[in-house]
1. Give all pairs with beta carbons closer than 7 Å in which a residue from the stretch 50-61 that is away from the ligand (no atom under 13 Å from the Cβ) meets a residue that is not in a loop (DSSP other than H, G, I, E, B); count only pairs at least 6 apart in sequence or on separate chains.
2. If you check V275 against the conditions, is it buried (at least 16 other Cβ atoms within 10 Å of the Cβ) and under 22 Å from H336 (Cβ atoms)?
3. Let me confirm something: among R85, R94, which residue is touching a residue at least 24 places away in the same chain (Cβ under 8 Å) and more than 16 Å from F326 (Cα to Cα)?
4. Looking at S243, is it of a type in the set (S, T, N, Q) and either without any contact (Cβ under 8 Å) to a residue 40 or more places away in the chain or within 16 Å of the ligand (Cβ to nearest atom) (or both)?
5. Kindly provide the set of residues from the stretch 205-225 that are of a type in the set (V, I, T) and either out of contact with any Ser or Thr (no Cβ under 7 Å at 6 or more places or on another chain) or within 9 Å of the ligand (Cβ to nearest atom) (or both), ordered by number.
6. Restricting the stretch 151-169 to residues that are without any contact (Cβ under 8 Å) to a residue 60 or more places away in the chain and touching a helix residue (DSSP H, G or I) at 6+ places or on another chain (Cβ under 6 Å), which is farthest from T137 (Cα to Cα)?
7. Taking the options I107, I121, I111, name whichever one is touching a helix residue (DSSP H, G or I) at 6+ places or on another chain (Cβ under 7 Å) and free of Cβ contacts under 8 Å to residues at least 24 places away in the same chain.
Amino acid sequence: MEKSTISDPFKEAREGKGFGKLNDQNDLVTMVLGHKDVRKCAHNWKTFQSGGEEIGRIVIPSEVHIRETRQIPFEVDPPKHKDYRDLLDTWFKRPLEAAYQDRLYQIINDIVDEALSKKTIEVVEEFSLKLQSRALTLLLNVPSKEADLWISWGTHVFRSEDKALDSDKANILYDYIDNQLDIAIKNSKNDLYSILLASEINGKKISKEEAKGVMILTFAGGRDTVINVVTNSIAYFADHPTSLQRLRDEPEILNTAIEELIRYFSPLTQMGRVVTEDTHVCEHAIKAQSRISMCWASANRDERVFENANEVVLDRKLNPHVAFGFGTHNCLGATHTRQIMKILLTVLAHKVKSMKIINCEENIENLDEFDRKVGFKKIQIKFNKR
Ligand code: EMZ
């Protein structure tokens with residue numbers, strides 16, 4: 001099997017009963033697996049709630065023990081959700097501006113040049129983590145040197161090598177954000193911290209705690225996800241040099257290729273919801289106060305929707321993937337991620353002839369019934385110039 005392959009561990013359960021079960025810290029989760037069911041649940045935010053009292057519970061693994069700040073707008077339901085979302089949408093659409101893209105191009109171009117100049121490079125730490133952190137300075141509009149500190153935190157802000165949930169590590173992020181918000185309170189600039197603190201909803205200023213909730217989400221939500229999609233894309237093009245050639249020959253497929261890679265990799269496996277009333281999913285009874293998850297990774301391999309779902313079809317025409325979620329809570333960082341991918345693929349196609357995977361260690365999520373590869377812990381690659 002090629003190293004970049006990400007198989008579909010959910011197939012049998014999805015095509016059989018339609019759901020799976022996962023014991024997360026003694027709190028059972030019903031994993032919804034089919035594309036149609038996943039979209040139905042995501043749509044029904046009243047029955048499947050994000051903004052419940054227990055902060056962190058919709059994340060799997062649950063973060064109730066490591067987080068007290070509500071992530072915004074992720075852990076808020078309509079109608080309040082819309083107020084936050086309206087406020088944030090403009091800022092998170094900045095990646096569509098030419099000046100933003102020029103700076104992102106510089107960042108990515110430098111990292112690719114660095115990879116080409118080395119004999120081999122460990123892509124997770126030395127390529128993707130750097131790229132993600134440096135690109136994030138643009139999204140926050142803060143000095144580029146801030147990225148050095150974020151890089152030192154490693155690939156996940158809440159997880160460490162030996163712990164799936166590491167509260168010491170989480171506290172480093174919370175203290176950092178508190179401090180940055182205090183700086184912005186004293187001296188307002190044109191960065192996301194200051195913009196948030198100056199914003200109002202229905203005539204009321206956003207509190208520091210609310211701003212902190214947005215910032216935590218911005219740091220946590222787009223970290224391992226972006227790192228995985230970047231690393232997996234590099235591995236894919238290393239395994240498929242003809243696909244890289246195809247991007248050169250047919251640049252018009254760039255956008256569909258990006259959506260396809262994001263569908264295939266589905267860097268966020270699932271997202272949970274808390275059930276507010278006794279109900280059913282896939283003809284299976286679900287109790288109020290229990291949890292479901294919408295398994296984006298499984299929905300994105302549903303053969304009823306995607307022909308040859310386990311293949312990367314770079315020019316796939318219809319691609320209603322749910323890798324960025326679906327409905328009200330769809331990913332706020334999607335525009336930024338798509339720009340990263342667009343520039344990354346363009347630079348790779350332009351500068352790189354081939355890449356060779358020297359060795360790698362897979363990153364496997366253990367989800368009781370299912371083991372799912374999300375990417376790599378490490379992957380050593382040799383980049384060859386064109
Ligand atoms: C949460 C989540 C958001 C969570 C879109 O996903 O990402 C996870 O990696 C974080 O641990 O706190 O931000």
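Rule-based calculations on the coordinates, nothing more; no lab input. Just so you know, these numbers come straight off a predicted model, no measurement behind them. With ideal geometry, Cβ positions are generated from the backbone for all residues, glycine too; neighbour counts draw on all protein chains shown.
1. G52/V274
2. No; evaluated as a whole, the condition is false for this residue.
3. Selected residue: R94, the only one of R85, R94 that is touching a residue at least 24 places away in the same chain (Cβ under 8 Å) and more than 16 Å from F326 (Cα to Cα).
4. no
5. V214, I216, T218, T225
6. If we take residues in the stretch 151-169 being without any contact (Cβ under 8 Å) to a residue 60 or more places away in the chain and touching a helix residue (DSSP H, G or I) at 6+ places or on another chain (Cβ under 6 Å), then S160 is farthest from T137 (Cα to Cα).
7. I111
Quick grid of which residues meet (1) closer than 20 Å to G52 by Cα; (2) in contact with an Asp or Glu (Cβ under 6 Å, 6 or more places away or on another chain); (3) surrounded by 15 or more Cβ atoms within 10 Å (Cβ to Cβ):
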position	(1), (2), (3)
E250	no, no, no
F265	no, no, yes
I286	yes, no, yes
E311	no, no, no
